[in-house]
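Single-structure report; data block below.
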Amino acid sequence: MLKPMRNAFIALPLALLLALPALAAAVDKKDTKTLQEASAVLNALTSAPDKGIPQELLAKANCILIFPNVAKGAFIVGGKAGKGVASCRQADGKMSPPAFYEVGGASVGWQIGGQSADMVLLIMNDSGVSHLLSDKFTIGAEAAATAGPVGRTAQAATDAQLHAQILSWSRSKGLFVGAALDGSVVKPDKEANQALYGSPVSGSEILVNSKLTVPPQARSLMQTISRHMAAAAAHEAAEKS
């Protein structure tokens, strides 16, 4: 009788140890919701081309960051940060798996109506990507950002918009506008990324030359991002031909 009992006691800790990776990879429900909402925000941007991000800019962007439902309270000193996701274009033109990012801090450019808004940032060059891959960066300080143009094309864009490291927009109460976000601090959410991928991973491991597999929770979002970014690139190529 003792031997079966001893085997049972051995099997129980072993089962717990085997379950640890699954527990570590459990994604918070709020983070899962962020993935779903980010997909909805990007879909909304393309449903009304005349009132969204110009296709030309989506086609040229190195990376895209989507922060859904960011509360105004995120933009006060000590305020809770809003959370979103980033994806970057790889050497083969495909988009990387998503990385969780946070945004917060004092923002003198937070000039929107309502209590919350969706935010979208496009990283337009290698210098902007370098900031994105750092521990954190402040828009308007380390990284130059400009409110992005809205419309079907970027023909009305200013010179500053066409040469900015980062272009930014916000959407509140259905209105999508370019938004100046100077003073906003953007940084990777290391805990959320570890939960999503099951082990500690850096922003560069996720976003640059990524060898990671898209987690099940993020597949729908990545299908949305990849579809819209590829469509923008195809539209831009057709315009030039």
Sorted from fewest to most neighbouring beta carbons within 10 Å, what does the list 197, 101 look like?
197, 101
How many nm separate the modelled label positions at residue 194 and residue 91, each set 7 Å beyond the Cα in the direction of the Cβ?
3.0
Efficiency of FRET from Cβ geometry, residue 134 and residue 219, R₀ 45 Å, rounded to 0.05:
0.95
Express in nm, to one decimal, how much length is gained between residue 51 and residue 142 on full extension, taking 0.36 nm for each residue of separation and deducting their alpha carbon distance.
29.8 nm
Between residue 239 and residue 127, what is 0.36 nm times their sequence separation minus the Cα-Cα distance? Round to one decimal in nm.
37.6 nm
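Just so you know, all these numbers are worked out from the coordinates, no wet-lab data involved. Here the structure is a predicted model, which means the values were calculated and not measured. No Cβ is skipped: glycine too gets one built from the backbone with ideal geometry, and neighbour counts run over all protein chains shown.
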